[in-house]
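Down below is the structure, laid out as structure tokens.
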Amino acid sequence: MIAVLDYGIGNLRSAEKALQHLGAEAELIDDPERAATADGVVLPGVGAFGRCAQALRMSGLDGAARFAIGRGVPFLGICVGFQLLYEGSDEDPSASGLGILPGTVRRLPDGVKHPQMQWNVVEIADGCDSGLLGGVPDPAWVYFVHSYAPERTADTTSTCEYGGAITASAERGALWGTQFHPEKSGAVGLGILANFVRRVDEACA
Amino acid sequence: MIPCLDVDAGRVVKGVRFVDLFDAGDPVELATRYDAQGADELVFLDITASSDNRRTMVDVVSRTAEVVFIPFTVGGGVRSVEDARQLLRAGADKVGINTAAVDRPALIAELADEFGSQCVVVAVDARRRRPEGASGEATEWEVFTHGGRTPTGVDAVAWSEQCAAVGAGELLITSMDRDGTRDGFDLELTRTIAERSPVPVVASGGVGTLDHLVEGALEGSADAVLAASIFHLGEFTVGEAKAYMQLAGVSVRPPSPS
């Protein structure tokens with residue numbers, strides 16, 4: 001079972017429905033104990049970083065997320081759910097993220113519209129063997145809605161061009177994250193989610 | 001490229017200048033087809049929006065969200081945060097508001113606070129008028145509400161600026177003079193608003209040829225173009241429209257290879 005963490009934020013259905021469309025057994029889960037036993041975990045998120053960080057903590061699902069990541073369970077953070085994996089964000093310096101990936105979430109550069117709300121191309125980092133983006137067409141167009149993105153670090157596996165090179169995805173072992181919305185990125189996005197589902201299946205086998 | 005589906009009692013319909021409707025099919029079926037053809041987003045407008053039809057629309061949204069994995073906006077009859085929540089929970093990514101925003105502009109900020117600006121699309125239905133006291137050409141635009149039936153006296157350009165300032169994440173600008181005529185967008189309307197807008201502007205109303213789409217992007221400065229009948233009638237696929245725009249020098253996500 002893939003747990004889509006339900007911590008009372010925004011529209012989480014799309015991620016659940018996209019995974020189900022791919023044949024995965026995905027469920028919205030708000031119970032930390034059940035989330036901790038899932039074969040794969042998806043952490044979605046929309047809205048403000050501070051509000052999401054607080055809601056995740058209040059729900060107790062932050063512990064389940066840490067537990068799953070610690071055990072090496074395949075994990076996918078999406079949009080603000082991805083940002084929450086980092087230490088903190090310019091958007092709300094008083095809120096802390098899970099701090100699992102080193103780095104800070106930064107405001108998009110000046111001189112471009114905020115938010116970036118559009119389809120954009122992701123560029124896979126040089127020499128990167130990305131499991132997340134395996135098999136995606138080149139160029140790969142995906143859908144972004146955000147005003148902030150994690151700074152580029154050693155974990156960054158792809159970027160998009162938006163007033164500069166912006167982190168589009170990061171990977172560290174079984175921990176994956178996308179700043180874009182694979183569940184809203186048509187066939188390319190479904191392909192990326194299918195990579196995640198396959199990873200979960202392999203980990204279970 | 002955004003195909004628009006006007007939905008009346010669970011069916012897609014299309015009219016000329018907001019009247020004379022014909023049946024164009026099942027909304028979920030059409031949405032699935034346009035997604036497969038490479039549509040970038042979809043817009044559903046519930047054009048009857050009576051309380052009976054609201055449940056029908058929520059059902060359409062929910063069924064669409066099961067099979068369509070691109071962003072989609074739902075508008076028509078949204079009057080409150082609760083109306084919006086119902087549609088977003090059913091799977092819509094954004095809600096469109098028009099009449100309710102003109103009646104009570106604070107609704108825009110309420111929706112933006114609750115769901116984020118990226119969820120809030122203000123639809124502006126505009127018709128040309130002469131400036132007060134002037135003779136000659138109609139160089140201004142007036143906002144209409146209630147599906148184009150009610151003049152408001154409000155200036156469409158000033159209203160668009162106000163909407164963006166208080167939390168709209170996107171403006172959907174429909175020329176009522178052009179809607180359904182197939183004569184092309186009111187490019188001056190689109191451009192005037194797009195040049196002043198800090199948020200994306202979608203041009204709507206009047207597309208009859210693929211050149212009209214190109215004009216909307218290049219001359220109208222629209223961030224996205226919306227069309228309905230050219231797709232519903234099967235004259236062009238979304239893929240053909242995008243391939244044409246790409247050749248004409250418009251920056252588009254290439255049509256899907258399938």
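The values are calculated or read from the model by the stated rules, or taken from the named source; none is laboratory data. Bear in mind that the values here come from a model prediction, so they are computed numbers and not experimental data. Note that we place each Cβ from the backbone using ideal geometry, even for glycine, and neighbour counts take in every protein chain shown. Ligands, DNA and RNA are excluded from the accessible area calculation, which covers all protein heavy atoms including side chains. Shrake-Rupley method; radii C 1.70, N 1.55, O 1.52, S 1.80 Å.
Listed values, structure above:
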| quantity | calculated |
| --- | --- |
| 5 angstrom amide H check on residue B:44, placed H, neighbours 5+ away | B:5, B:73, B:74, B:75 |
| Size of charge dipole - the protein assembly as shown - debye, nearest 20, with Cβ of Lys, Arg +1 and Asp, Glu -1, no other charges | 340 |
| Segment A:2-204 - accessible surface per residue (Å², probe 1.4 Å) | 39 |
| Förster radius 35 Å - calculated FRET efficiency between residue B:195 and residue A:87, Cβ distance, rounded to 0.05 | 0.30 |
| Under-5 Å amide H pairs with residue A:101, H placed in peptide plane, nonlocal only | A:86 |
| Threshold 50 Å² - residues in segment A:1-40 whose accessible area is reduced by that much or more when the chain is no longer isolated, probe 1.4 Å | A:11, A:17 |
| Interface B:A - total buried accessible surface [probe 1.4 Å, Å², rounded to 100] | 1900 |
| Extension gain (nm, one decimal) between residue B:26 and residue B:165, 0.36 nm per residue minus Cα-Cα | 46.4 nm |
| Simple spin-label estimate for residue B:104 and residue A:152 in nanometres, 7 Å along Cα-Cβ | 4.8 |
| Karplus 3J(HN,Hα) series, Hz, for segment B:104-117 with 6.51 cos²θ - 1.76 cosθ + 1.60 (x for Gly, Pro) | 8, x, 4, 4, 4, 5, 4, 5, 5, 5, 6, 10, x, 4 |
| Packing-based ranking, highest mean first, of B:103-112, A:104-113 given that Cβ atoms within 10 Å are counted | B:103-112, A:104-113 |
| Carbon + sulfur, % of accessible area of segment B:2-247 - ligands and nucleic acids excluded, 1.4 Å | 48 |
| Förster radius 35 Å - calculated FRET efficiency between residue A:110 and residue A:28 (Cβ-Cβ, nearest 0.05) | 0.40 |
| Cα→Cβ-extended label distance, 7 Å offset, between residue A:20 and residue B:137, nm | 5.4 |
| Whole-number percent relative contact order across segment B:110-210, with pairs defined as alpha carbons under 8 Å at least 6 apart | 26 |
| Sequence-distant residues sharing a close amide H with residue B:124 (under 5 Å, placed H) | B:172, B:173, B:174 |
| Note, ³J(HN,Hα) from phi for segment B:197-211, Karplus 6.51, -1.76, 1.60, rounded to Hz, x at Gly and Pro | 9, x, 10, x, 10, 9, 8, 8, x, x, 5, x, 9, 5, 4 |
| Calculated from backbone phi, Karplus (6.51, -1.76, 1.60) coupling profile of segment B:228-237 in Hz, x at Gly/Pro | 10, 5, 4, 8, 4, 7, x, 5, 9, 8 |
| Selection of trypsin sites (Lys or Arg not before Pro), segment B:54-128, meeting DSSP coil and at most 15 other Cβ within 10 Å | B:79 |
| Inter-part distance where segment B:83-140 and segment A:74-118 are each reduced to a Cα centre, Å | 29 |
| Sites residue B:181 and residue B:113 - FRET efficiency at Förster radius 41 Å, r taken between beta-carbons, to 0.05 | 0.60 |
| Computed label-point distance, nm, for sites residue A:123 and residue B:209 using a 7 Å Cα→Cβ extension | 3.8 |
